[in-house]
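Working notes, structure below.
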Amino acid sequence: MLQDYHVHALAHGEYEYTYDWLKKFLITARKRQIQELGFAEHDEFLSRIDTSILKRLQEEFPDITLRLGLEVDYIPGREDYIRQISQSYDFDYIIGSVHFIDGWGFDHPDLRHLFEEKDIDQVYSRYFELVQMAVKTGLFDIIGHLDLIKIWGHRPRRHNVLFYVESLLNSIKAAGMLIEINSAGLRKPVGEMYPQQEIIELMASKQIAVTLGSDAHHPRQVGEGLQEVRGVLINAGFTHRASLQQRQMEMLPL
């Protein structure tokens, strides 16, 4: 029962939201046995979403359940904006992600070099502090790519990563939120899924529910790496994954 809840048809704005373009994503999804596909554009492209296209595609692909999501950058001070845009469509889920640390787009290739100028432990501490703040807003259903901060392969030196995430996981569990297991890290320099296996095992012990996502920005990336993700989850003790419809959760077998 594979799902892919993290698909960007518009990528970073370079593609158009057309029937023919989105259909390519579904063709790949069908080939890779994705039964549930969620288009979750970046919030800056909200105005380009056309739900009538999704309705037409659902009719043509009855074997794939389509969902409408949105990935929103959490930046302190954006809470009212996030609350407002979350109501602009009948979303099935909202993914909260941190891509900026105090104005620094740390995952952008052009800004990667700034890691060399910083204390990596302080970077990790601030990143997870921001994720914790995102959780506490109560505005999101899913936390996206939980440990994205490792994208270029930088690791904390003074503490194991679990030092930074355990209290965060407790907050996510208490809030009834979900964590996305995102395969995109397998395509990045770090070479592993988000979050890493140690964190996934800790999530399993805390019984935190999960969704799956490829972070596809092109049709060829739909579902990429998700069979590997499924295997890691099953080995960690997961038996189910979450499905969301109109922001209501149902657990389905992996």
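Where a number appears in this text, it was derived from the coordinates with a stated rule and is not lab data. A quick note: this is a predicted structure, and the numbers were derived from the prediction, not measured. Virtual Cβ from ideal backbone geometry, glycine too; neighbours counted across all protein chains shown.
Condition check ((1) within 25 Å of I27 (Cβ to Cβ); (2) of a type in the set (V, I, T); (3) buried (at least 19 other Cβ atoms within 10 Å of the Cβ)) across all residues:
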| residue | (1), (2), (3) |
| --- | --- |
| Q58 | yes, no, no |
| P76 | no, no, no |
| I82 | no, yes, yes |
| S88 | no, no, no |
| F100 | no, no, no |
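Checked against the criterion of being without any contact (Cβ under 8 Å) to a residue 60 or more places away in the chain and over 21 Å from T18 (Cβ atoms), region 50-58 has no qualifying residue. Quick check, is S97 of a type in the set (S, T, Y) and within 17 Å of the chain's Cα centre (by Cα)? Answer is yes for this residue.
Of all residues assigned to region 234-241, none qualifies as being in contact with a helix residue (DSSP H, G or I) (Cβ under 8 Å, 6 or more places away or on another chain), surrounded by fewer than 18 Cβ atoms within 10 Å (Cβ to Cβ) and within 15 Å of L178 (Cβ to Cβ).
For region 16-47, a tally of residues being without any contact (Cβ under 8 Å) to a residue 12 or more places away in the chain and in contact with a His (Cβ under 9 Å, 6 or more places away or on another chain) returns 0. In region 7-31, of all residues being aromatic (F, W, Y) and surrounded by 16 or more Cβ atoms within 10 Å (Cβ to Cβ), the one that is farthest from R220 (Cα to Cα) corresponds to Y17. Only one entry of L162, L226, L233 meets the criterion of being of a type outside the set (S, T, Y) and in contact (Cβ under 8 Å) with a residue 60 or more places away in the chain, and that entry is L226.
When you check F140 against the structure, is it outside any helix (DSSP H, G or I) and either without any contact (Cβ under 8 Å) to a residue 12 or more places away in the chain or crowded, with 18+ Cβ neighbours inside 10 Å (or both), yes or no? Full working, then the answer.
On the way: outside any helix (DSSP H, G or I): yes; either without any contact (Cβ under 8 Å) to a residue 12 or more places away in the chain or crowded, with 18+ Cβ neighbours inside 10 Å (or both): yes.
Spelling it out, F140 is indeed outside any helix (DSSP H, G or I) and either without any contact (Cβ under 8 Å) to a residue 12 or more places away in the chain or crowded, with 18+ Cβ neighbours inside 10 Å (or both).
Among the conditions (1) among the aromatic types (F, W, Y); (2) more than 30 Å from Q132 (Cβ to Cβ); (3) crowded, with 18+ Cβ neighbours inside 10 Å, F39 misses just one, which is (2).
Rundown of residues vs (1) more than 20 Å from H12 (Cα to Cα); (2) of a type in the set (S, T, Y); (3) in contact (Cβ under 8 Å) with a residue 60 or more places away in the chain, yes/no style:
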residue: I75; (1), (2), (3): no, no, no
residue: E79; (1), (2), (3): yes, no, yes
residue: Q84; (1), (2), (3): yes, no, no
residue: D90; (1), (2), (3): yes, no, yes
residue: I95; (1), (2), (3): no, no, yes
residue: H99; (1), (2), (3): no, no, no
residue: G105; (1), (2), (3): no, no, no
residue: H108; (1), (2), (3): no, no, no
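Can you tell me which residue in region 198-217 is surrounded by the most Cβ atoms within 10 Å (Cβ to Cβ), limited to those that are among the polar types (S, T, N, Q) and over 16 Å from K188 (Cβ atoms)? Ranking the candidates gives T211 first.
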